[in-house]
Amino acid sequence: MVEQASPLGDAYRPGSHGNFVDGAGVVITETRPGSLVEVAAWPGQRAALLEAIRAAVSLDLGDRPGAGATHEGRSGFGIGPGRFLLADGAEGLAQTLATAIGIETGTVTDLSHGRTAILIEGERAEWVLSKLFAIDFSLAGFPVGDGRATAHHDISAAIQRTDAQRFDIYVFRSFARSFWKVLCHSAEEVGYEIR
């Protein structure tokens, strides 16, 4: 497959930045999942859609707003009523889900080339993200596996907590560079490393 160019361009500058006298408070990097897919249930088909996802990719996403899960390189969470965002380190997730989810149950949309995935992790990740989003990023308010669909000004973002100090953020490719710069600027006071 042809290597996809990063929308971050020259804004992606590996190394240590900001106030890192006491070490980097966060690490920020662009990840490149092989697949990023949105699935949506038709009215009355939410339970059937969740079961199809569980059977096809071993993710039990739960049935409450923002509920999600991670398992063996795959992750997913609710981004709206009957709508879920799923990521996989490997390619082919859209086809797998399209085979498992019947047309009477819902829709499958491959977003792999339309979104950029950014990872922020470290002991100050909650602090940095709290500067950008009006969300409770504490572990009690935002458990591992859960996600939130939100926005920073006009930039839509889907955020999933994939570990105690790690968040994956998905933004439209066309806004990726702008969001990246804002995220890095927000991390300057705690110091950040780009990998």
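Listing for the model above:
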read-out: For region 128-138, Karplus couplings with θ = phi - 60° (6.51, -1.76, 1.60), whole Hz, Gly/Pro x; value: 5, 5, 5, 6, 9, 10, 7, 9, 7, 8, 5
read-out: Distant-in-sequence amide H partners of W42 (H built 1.01 Å from N, under 5 Å); value: G106, T107
read-out: Sequence-separation-based contact order of the chain, relative, with Cα cut under 8 Å and 6+ spacing, percent; value: 33 percent
read-out: Accessible area of region 1-49 belonging to carbon and sulfur atoms, whole % at 1.4 Å probe; value: 56 percent
read-out: Which of T31, T116 is most accessible, then next, and so on - probe 1.4 Å; value: T31, T116
read-out: Reduced Cα scattering model of the chain, Debye log10 I(q)/I(0), q = 0.10, 0.16 Å⁻¹; value: -0.40, -0.99
read-out: Candidate residues K131, K181: accessible-area rank, largest first, probe 1.4 Å; value: K181, K131
read-out: Label point distance in nm, E51-R64, each placed 7 Å from Cα along Cα→Cβ; value: 2.3 nm
read-out: Dipole in debye (nearest 20) - region 46-179, about Cα centre, beta carbon charges: Lys, Arg +1; Asp, Glu -1; value: 340 debye
read-out: Distant-in-sequence amide H partners of H152 (H built 1.01 Å from N, under 5 Å); value: A157
read-out: J(HN,Hα) series, region 94-103, from Karplus relation 6.51 cos²θ - 1.76 cosθ + 1.60, nearest Hz, glycine and proline x; value: 4, 5, 4, 6, 4, 6, 7, 9, x, 5
read-out: Region 40-195 - accessible surface per residue (Å², probe 1.4 Å); value: 47 Å²
read-out: Label-zone membership for region 162-195, site S156, 7 angstrom Cα→C-beta point, backbone N under 15 Å; value: 170-176
read-out: For G191, residues with placed amide H under 5 Å, excluding near neighbours; value: N19, G25
read-out: In Å², nearest 10: area of W127 left accessible to a 1.4 Å probe; value: 120 Å²
read-out: Spacing of the two label points (7 Å from each Cα toward its C-beta) at F133 and E72, in nm; value: 2.8 nm
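The values are calculated or read from the model by the stated rules, or taken from the named source; none is laboratory data. Worth saying up front: this structure is predicted, and the values here are computed from it rather than measured. A quick note on method: Cβ atoms are made from the backbone with ideal geometry, for glycine too, and the neighbour counts reach across all protein chains shown. Quick note on the areas: whole protein, heavy atoms, side chains included, nothing else; ligands and nucleic acids left out. Shrake-Rupley method; radii C 1.70, N 1.55, O 1.52, S 1.80 Å.
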